[in-house]
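Only the coordinates and a few stated rules stand behind these numbers; no lab work does. Note that this is a predicted model, so its numbers are computed, not measured. For neighbour counting, all protein chains shown are included, and Cβ atoms are generated from backbone atoms with ideal geometry for every residue, glycine included.
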Amino acid sequence: MNNIIGCFLFLPTYVLGFFAPFMVDLRFGSRFHVDSIYSQAISVAAPYYLQTWFIILVLLLFMGMGMVLNALLSKSRDKKRLNKAIEKKIKAIKSTEEPFRNVWDSLQDGLLLLADGGEIIAINPLFSKMAGVSPDQLYKENFSEVFSCPKFYSFYQSLVIPGLNESNGKGFTIELQMPFKSGERDIELFVNRIDTDYKGEKAILNVFRDISGKREYEQGLKEAKEKAEEANKLKTSFLSNMSHEIRTPLNGILGSTANIILRNSHNAELVAQLEIIMQSGERLLDTINNILDMSRIEANNMEVILEETNINDFLSKTLMPLKSLAIKKGLLITAKYETKPFIAKIDKRYFELIINNIVGNAIKYSDSGLIQIKLESQNDHLFLCVQDKGIGISETYLKKLFNPFEQESVGYNREFEGSGLGLTITKNLIDLLSGEIRIESKKGQGTIVSVILPLKGRQDYDK
């Protein structure tokens, strides 16, 4: 071989450390021999990937990559948590907002959220219908656009802004006739500022309630009331005139009949016939008086006139004709005066009517026994109690006792006569005097009627 430059030495194992010089003996067969050559000392070092600095560098690299990966994973987890939290919050907001949105859309009043400058922020469907303008046209428009008269918005501001300033955050209500594009409407308007900032301006909540129908209804009621009052006056006037026209000749008939009875007391058959005429005439007169009193009460024409009265003596005199009537039926009336003397201010006309109706009923619905009357004064009140042992009142009829023209026995074959107005008139008179009536009764066991009237003066009767 010519030009041999070098050679390679291969070791079977990789051994670290320092080695002594190698001797190289070169021979080419038996012909040529070169003197032995000695190499330099050999140092075998570890490869770079096993060296400490490289290992530290690799470890640092992996640690850095781990930190980066951990940061990325942590950020990803935080992002997922944030997204879940946002989704949860959005769902919560939607669930909270939904009821308010339903109320906003379904409320039967027009709702308008308005910026101070007049820009429309939000409306509900009813206001859009009320104004006669579609929501798409109204949003972002000025409030003045909903009116057929452009000048009305200035008038609205002149009322609303001062009103809001004076309401101290509580809002205020005003009634206006508003010229919407759908037509003029009578509106009850509630206005208040709310804690919402819109483009640097405070928002104003307007609640529109259409009271056009209410106004028409109230006007109709007013007209109906006036017509009813006029008709009632005419009725009262008619009844008053008619009762006068009837009572005048009827009193003449009754007076003449009584005179004929006195002159013909020896003629029993004639007296019996005349007594029937007297009873029928008195019944007719009593009915006419009751109807007239009832019409006057309904027309509110009853005036209370208080007079200082010896009430014990007044009751005694009022009971005299009633005692005579009771004796004819075989009844006895007793009166017990618990307060002596008993002097107070009463309306004698009304008190007499109350006594006549209550004691008259006790006589009418009793066939035997005793009718007890008790009168006393307690704590500036008059107490009158009338107790009988008559037929009593059923529990069912007690609930309808003060209804006009109501009677427990009805029909042409009813046992007891009358118009059914006595207790109705009595109740109205007691109410007029700011008093109270109580009735306790059991069928077949009798009735107790208690009347309580205040005695403090006229002002107590005019409540």
**Request:** Once you've got the Cα coordinates, tell me which of LYS170/LYS199; LYS328/LYS389; LYS181/LYS214; LYS340/LYS399; LYS345/LYS400; LYS225/LYS345 are over 28 Å apart.
**Result:** LYS340/LYS399; LYS345/LYS400; LYS225/LYS345
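What number, in percent, do you get for the relative contact order of region 104-205 if the mean sequence gap of Cα pairs under 8 Å and at least 6 apart is divided by its residue count?
Numbers: 170 pairs, mean separation 25.5, N = 102.
Value for region 104-205: 25 percent.
Net charge near SER182, counting Lys/Arg +1 and Asp/Glu -1 over other residues with Cβ under 12 Å of its Cβ?
Working: positive: LYS129, LYS181, ARG185; negative: GLU184, ASP210.
It works out to a net charge of +1.
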**Item:** Projected label distance in nm at ASP136 and THR339, using a 7 Å step from Cα toward the beta-carbon
**Value:** 8.1 nm
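Pairs LYS317/LYS427; LYS129/LYS202; LYS233/LYS336: which exceed 30 Å Cα-Cα?
Working: LYS317/LYS427 23 Å; LYS129/LYS202 26 Å; LYS233/LYS336 42 Å.
Beyond 30 Å between Cα atoms: LYS233/LYS336.
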**Asked** Mind ordering 438-448, 202-212 by average Cβ neighbours within 10 Å, highest first?
**Response** 202-212, 438-448
